[in-house]
Amino acid sequence: AWRILRPASITDQLYIKASRIRSIEEKGAQKVEEPTENEFIGLVNYSFIALIQLSLTEKDPLELPLEQVSLLYDREAKTTRDLLAAKNHDYGEIWREMRVSSLTDIILMKLLRVKQIEDNKGKTLVSEGLDANYRDIVNYAVFALIKLSD
């Protein structure tokens, strides 16, 4: 079974991962030999967990069977991949010309916005909701992974 985390806990985990990436980028070195690629993968996975969390209601159990979580994960991955394809069509592949550090900046900005929305109990004035921000984090993390593998 899979235990659901509170949304703020997920956001904090995302923030820790993105902050570690930023710290390593700024210092140009690291002492823990875990590649930043793993942190970007973590950003993808935690963002999908957050999206799953958003799709659940208070009527859902606190623990979900692994099979259900797998289906929900695949659904969020497909929705996010479809968004990526649509945005890539509109923007082109301009992200290929961006630095990984710029992608990290955007991810951190998205996370600060998510924290602000959460602290505001989900209310936004002129902004995309939590789901759009999490999907953008996934897509920028995927871009960074592609760039790091080139």
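The values are calculated or read from the model by the stated rules, or taken from the named source; none is laboratory data. The model shown is predicted, which means the values in this text are computed figures rather than measured ones. Don't worry about glycine lacking a Cβ; one is built from the backbone with ideal geometry, like all the others, and counts go over all protein chains shown. We work out accessible area using only protein heavy atoms, side chains counted, and drop any ligands, DNA or RNA first. Shrake-Rupley method; radii C 1.70, N 1.55, O 1.52, S 1.80 Å.
For the subset of segment 109-129 comprising residues that are crowded, with 18+ Cβ neighbours inside 10 Å and among the aliphatic types (A, V, I, L, M), which member is modelled with the highest pLDDT?
L111
Here is a yes/no grid of residues against (1) open to solvent by less than 40 Å² (accessible area, probe 1.4 Å); (2) under 17 Å from I106 (Cβ atoms); (3) of a type in the set (D, E, K, R); (4) at pLDDT below 95:
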residue: D12; (1), (2), (3), (4): no, no, yes, yes
residue: A18; (1), (2), (3), (4): yes, yes, no, no
residue: G28; (1), (2), (3), (4): no, no, no, yes
residue: E34; (1), (2), (3), (4): no, no, yes, yes
residue: L43; (1), (2), (3), (4): yes, yes, no, no
residue: F48; (1), (2), (3), (4): yes, no, no, no
residue: I52; (1), (2), (3), (4): yes, no, no, yes
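Could you give every pair whose Cβ atoms fall below 6 Å, whose first residue belongs to segment 103-120 and is on the phi < 0 side of the Ramachandran plot, and whose second residue is charged (D, E, K, R) and in a helix (DSSP H, G or I), counting only separations of at least 6 or pairs across chains?
Between residues of segment 103-120 that are on the phi < 0 side of the Ramachandran plot and residues that are charged (D, E, K, R) and in a helix (DSSP H, G or I), the close pairs are T104/R22; K110/D136.
Please identify the pairs in which a residue from segment 61-74 that is open to solvent by less than 60 Å² (accessible area, probe 1.4 Å) has its Cβ atom under 8 Å from the Cβ atom of a residue that is of a type in the set (G, A, S) and part of a helix (DSSP H, G or I), counting only partners at least 6 apart or on another chain.
L72/S55
Check every one of the helices (runs of 4 or more DSSP H) wholly within segment 1-115 and list those with 3 or more residues that are more than 15 Å from the chain's Cα centre (by Cα) and aliphatic (A, V, I, L, M).
Working: elements: 7-27, 36-55, 66-91.
Qualifying helices (runs of 4 or more DSSP H): 66-91.
Kindly indicate whether any position in segment 130-146 is open to solvent by 30 Å² or more (accessible area, probe 1.4 Å), at pLDDT below 90 and on the phi < 0 side of the Ramachandran plot.
no
A8: among the hydrophobic types (A, V, I, L, M, F, W, C), surrounded by fewer than 18 Cβ atoms within 10 Å (Cβ to Cβ) and closer than 21 Å to K147 by Cα, yes or no?
Criteria not met by A8.
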